[in-house]
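Chemist: This is the structure I have questions about; it appears just below.
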Amino acid sequence: MTRKLRNLSARDQFGRDWLMENTWCDHCNVANLGIDKPCEYEDDGHVFIERICRGCGNLVKS
Ligand SMILES: [Zn+2]
């Protein structure tokens with residue numbers, strides 16, 4: 001496992017706002033419910049964002 005955390009705050013304000021506002025939940029199948037606790041990490045050269053859906057409280061990855 002090569003997963004390593006990235007610093008989400010290294011993104012600019014626009015990037016963070018975009019992440020918070022343009023969301024999709026695989027559990028709810030609904031867009032833009034809002035998210036909590038976004039967490040960015042890198043695994044095997046790919047960047048993923050994990051966050052908690054405000055609609056259902058489940059962890060969502062992309
Ligand atoms: Zn959800």
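Chemist: Using only Cα positions of the chain, each an equal point scatterer, no hydration layer, compute I(q)/I(0) via Debye at q = 0.24 Å⁻¹ and quote the log10 values to two decimals.
Modeler: -1.00
Chemist: Quick check on the exposure proxy: order Asp17, Asp44 from fewest to most C-beta atoms within 10 angstrom. If you can, show how the numbers build up before the last one.
Modeler: Numbers: Asp17 11, Asp44 7.
So the ranking, lowest neighbour count to highest, is Asp44, Asp17.
Chemist: Taking only C-alpha pairs under 8 Å that are 6+ residues apart, what is the relative contact order of the chain in percent? All intermediate terms of the calculation are to be shown ahead of the outcome.
Modeler: Values: 99 pairs, mean separation 19.3, N = 62.
The value is 31 percent.
Chemist: With label points built 7 Å along Cα→Cβ from the Cα atoms of Glu21 and Tyr41, find their separation and express it in nm.
Modeler: 2.9 nm
None of the figures in this text is laboratory data; all of them are computed from the coordinates on show. Values in this document were obtained by computation on a predicted structure and should not be read as measured data. Cβ coordinates were reconstructed from backbone atoms using ideal geometry, including for glycine residues, and neighbour counts include every protein chain displayed.
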